[in-house]
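The values are calculated or read from the model by the stated rules, or taken from the named source; none is laboratory data. Given the structure is predicted, the values throughout are model-derived calculations rather than measurements. Because the Cβ atoms are built from the backbone with ideal geometry, glycine has one as well, and the counts that use them run over all protein chains shown. Only protein heavy atoms, including side chains, enter the accessible area calculation; ligands, DNA and RNA are left aside. Shrake-Rupley method; radii C 1.70, N 1.55, O 1.52, S 1.80 Å.
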Amino acid sequence: MSNKPIGIFDSGIGGTSIFKEIHALLPYENYIYLADSKNAPYGNKTEAEILQLSIKNTKLLINNGCKLIVIACNTATTNAIYYLRSHYNIPFIGIEPAIKPAALNTETKAIGILATKGTLSSELFHKTTDIYASGIKVIEQVGEGIVPLIEAGKLESKEMKILLSSYLEPVLKHNIDYLVLGCTHYPYLIPILTKMLPANVKIIDSGLAVAKQTHTILNRDNLLNSNTKKPTVKFYSNVNVEVLDSILDYKFNVEYLDF
Ligand code: DGL
């Protein structure tokens, strides 16, 4: 069992930010990554649609022998993880916005969160916020249009900068000292955001926490790969192979797959 791959899926290329953290921690594992870019963005879809897409990706990963699935998408996690965990008999690791560490560490008692509409409107997000951020002002901002620009390879574009400044402006009025990135596409914006944010605002995401949790669960279930020779890492995109290739710095094998 242990030499079977870890399956990872996202609505597109954003989950590679999570893959990179997991791969750095667990370099001897085999991986299959699905970039469902054809259906991006998930963030504007209904809960039922997000669930159907998550089931489709899960079935494909299970049919390819995955031993554990990382849902490298906040939108899919917050809308589908309960269902997936109760219907498929393998461990699922999800990703949620890092509200807890931001709320614990804020000094201004105000934090900003940039995420998709699907994440911010989910029940799971509201539950997490109620539990961990009571007494803290949480300024929610939907990042409408950011994911399609990243999927189109327009990370550093003028359009992106205009969009980001229009989203940061209302959030910054609330004297926040943490900005939570609640979408796995957004860590790729950190270099741009750092230039745009005041020096006292810290950016926080959940990538490392997900990698550590993946390690914990594999270890707990005795699923860590003991074979350290030549692990295989496969990336599949149902659209933009080139953009996926470039975001991975051309280090891995990327193929087109219709799924
Ligand atoms: N990477 C997904 C997330 O973490 C993007 C969602 C989308 O496709 O809108 O939420």
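Could you list, in sequence order, the residues of segment 32-47 that are open to solvent by less than 10 Å² (accessible area, probe 1.4 Å) and assigned to a strand (DSSP E or B)?
Scanning segment 32-47 gives Y33, L34, A35.
Scan segment 1-14 for residues that are of a type outside the set (G, A, S) and either in a strand (DSSP E or B) or within 10 Å of the ligand (Cβ to nearest atom) (or both) and jot them down.
Narrowing segment 1-14 to residues of a type outside the set (G, A, S): 1, 3-6, 8-10, 13.
Answer for segment 1-14, where residues must be of a type outside the set (G, A, S) and either in a strand (DSSP E or B) or within 10 Å of the ligand (Cβ to nearest atom) (or both): I6, I8, F9, D10, I13.
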Any chance S17 is assigned to a helix (DSSP H, G or I), modelled with pLDDT of 95 or more and within 14 Å of the chain's Cα centre (by Cα): yes
Options Y186, Y167; residue that is under 21 Å from S121 (Cα atoms), within 16 Å of the ligand (Cβ to nearest atom) and open to solvent by less than 20 Å² (accessible area, probe 1.4 Å): Y186
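Could you say which residue among I162, I192 is farther than 22 Å from V138 by Cα, in a helix (DSSP H, G or I) and more than 19 Å from the chain's Cα centre (by Cα)? Let's see the steps before the verdict.
Numbers: I192 fails: more than 19 Å from the chain's Cα centre (by Cα).
Result of the check over I162, I192: I162.
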Among the residues listed as N64, N3, N79, the single one being open to solvent by 10 Å² or more (accessible area, probe 1.4 Å), modelled with pLDDT under 95 and touching a Gly at 6+ places or on another chain (Cβ under 9 Å): N79
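Please specify each residue of segment 85-133 satisfying the condition of being β-branched (V, I, T), crowded, with 22+ Cβ neighbours inside 10 Å and farther than 12 Å from T75 by Cα.
At the first step, the residues of segment 85-133 found to be β-branched (V, I, T) are 90, 93, 95, 99, 106, 108, 111, 113, 116, 119, 128-129, 131.
Then drop every residue that is not crowded, with 22+ Cβ neighbours inside 10 Å, which leaves 93, 95, 99, 111, 113, 116, 119.
Within segment 85-133, I93, I99, I111, I113 meet the criteria.
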Residue ID - nearest to the chain's Cα centre (by Cα), chosen from residues in segment 20-31 that are open to solvent by less than 20 Å² (accessible area, probe 1.4 Å) and under 21 Å from I81 (Cα atoms): I22
